[in-house]
1. Check residue 193 against each of (1) farther than 30 Å from residue 44 by Cβ; (2) surrounded by 15 or more Cβ atoms within 10 Å (Cβ to Cβ) and name the one condition it does not meet.
2. Please state which of the following conditions residue 227 fails to meet, knowing it meets all the rest: (1) out of contact with any Ser or Thr (no Cβ under 8 Å at 6 or more places or on another chain); (2) closer than 18 Å to residue 158 by Cα.
3. Scan the range 281-290 for residues that are surrounded by fewer than 18 Cβ atoms within 10 Å (Cβ to Cβ) and touching a residue at least 24 places away in the same chain (Cβ under 8 Å) and jot them down.
4. Return the total of residues in the range 149-183 being more than 18 Å from residue 221 (Cα to Cα) and touching a residue at least 24 places away in the same chain (Cβ under 8 Å).
5. Quick one: residue 254 ticks every box in (1) out of contact with any Leu (no Cβ under 9 Å at 6 or more places or on another chain); (2) free of Cβ contacts under 8 Å to residues at least 60 places away in the same chain; (3) surrounded by 13 or more Cβ atoms within 10 Å (Cβ to Cβ); (4) not acidic (Asp, Glu) bar one, so which box is it?
6. With respect to the numbered conditions (1) in a helix (DSSP H, G or I); (2) modelled with pLDDT of 95 or more; (3) over 29 Å from residue 278 (Cβ atoms), which one is the sole condition not fulfilled by residue 194?
7. Taking the range 225-263 on its own, how many of its residues are more than 17 Å from residue 91 (Cα to Cα), under 18 Å from the mean Cα position of the chain (by Cα) and of a type in the set (A, V, I, L, M)?
Amino acid sequence: MKKNIFVIAAMAAALFGASSCSEEALNPESVITADLYEKNDFDKWLEFNYVNPYNIDFKYRFEMNESDMNYYTIPADMESANMMAHLVKYLCVDTYDEVAGLDFTRGYFPKMFFLIGEWEYRNNGTFILGTAEGGKKILLSGINYLPMFLKQGADALNHYYIKTIHHEFTHILNQTKDYPVDFKQITGSGYVADSWSESPYDSEYLTNGFISSYAQHSDGEDFAEMLSIYVTNTQEYWDAQLKAAGTAGAKSINAKLDIVRLYMKSSWNIDIDQLRATILRRQADVVAGKVDLTDITINK
């Protein structure tokens, strides 16, 4: 089964400080469970908002079979899982309903989300934000840091979570309908696989025609980074990136964006500018506190 992995170059100590999370008390509601359990109010909310309308299984309880045994993982705590479920629904599921229609979301949005509390750390100083498997499942890691990043605002929320979801969903769309081969030819000699986080690739990516350092990994990651970064950031941000890329770098990035734009419109009838406007509007609602991320009332 093909697995797409989205990782970020950063050290845990630099991001989260020197204190250890192991010193905090464990949330008694976040437990490793068997398959059989009595549904709580959150389970019922998930059934009403995910299972019934979309046939999406939103898993927040730890399950060994869904986890990658190559990494040390921990369960997502209940509070963070609840907030993430609301964010995925409001910023992603509802966004595609609005832009592409309910049938599109039902047909193509991943049928499973699996949450874990910690990042999946690699031995090269990077850690995995999320993965997409088989066009059906998205794993989201580091969920227990969500309350901290919410306080930091839209940029942090996007960087660690929301962009990851759109990135992984792009992989799922690409697995269903492939993008043109012309895309990988624009910077075909610039892909460096796992060396993307090393010098000089970690600092010279824009001038080399890549929108992020991770985009240098492969053409598939490049495509997903192009779309996800474009739709989760403002035009001002995008213009600043192009300016920093210089003439040659900006030319390559713009050529890739043209292909991404045409692919999304011709293959999925989605205008990426409309998609971006919708995401940014909904994101502003979240940051402004207009969306209750804890309410699990079911309004039938």
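The values are calculated or read from the model by the stated rules, or taken from the named source; none is laboratory data. Keep in mind that this is a model prediction, so the values were computed, not measured. Please note: Cβ atoms are built from the backbone with ideal geometry, for glycine as well, and neighbour counts cover all protein chains shown.
1. The single condition residue 193 does not satisfy is (2).
2. (1) is the only condition that residue 227 fails.
3. So the first thing to find is which residues in the range 281-290 are surrounded by fewer than 18 Cβ atoms within 10 Å (Cβ to Cβ), and the list is 281, 284-285, 287-290.
Within the range 281-290, 284, 285, 287 qualify.
4. Looking only at the range 149-183, we keep the residues that are more than 18 Å from residue 221 (Cα to Cα), and these are 149-157.
Within this subset, residues satisfying the condition of being touching a residue at least 24 places away in the same chain (Cβ under 8 Å) are 150, 153-154, 157.
Counting residues in the range 149-183 that are more than 18 Å from residue 221 (Cα to Cα) and touching a residue at least 24 places away in the same chain (Cβ under 8 Å) gives 4.
5. (1) is the only condition that residue 254 fails.
6. Of everything listed in (1) in a helix (DSSP H, G or I); (2) modelled with pLDDT of 95 or more; (3) over 29 Å from residue 278 (Cβ atoms), residue 194 misses just condition (2).
7. Applying the first criterion (more than 17 Å from residue 91 (Cα to Cα)) to the range 225-263 yields 225-226, 235-263.
Going one step further and asking which of them are under 18 Å from the mean Cα position of the chain (by Cα), we end up with 225-226, 260.
Next cut, of a type in the set (A, V, I, L, M) only: 226, 260.
So the answer is 2.
Residues checked against (1) touching a helix residue (DSSP H, G or I) at 6+ places or on another chain (Cβ under 6 Å); (2) over 30 Å from residue 150 (Cα atoms); (3) loosely packed, with under 14 Cβ neighbours inside 10 Å:
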residue	(1), (2), (3)
183	yes, yes, no
201	yes, no, no
226	yes, no, no
267	no, yes, no
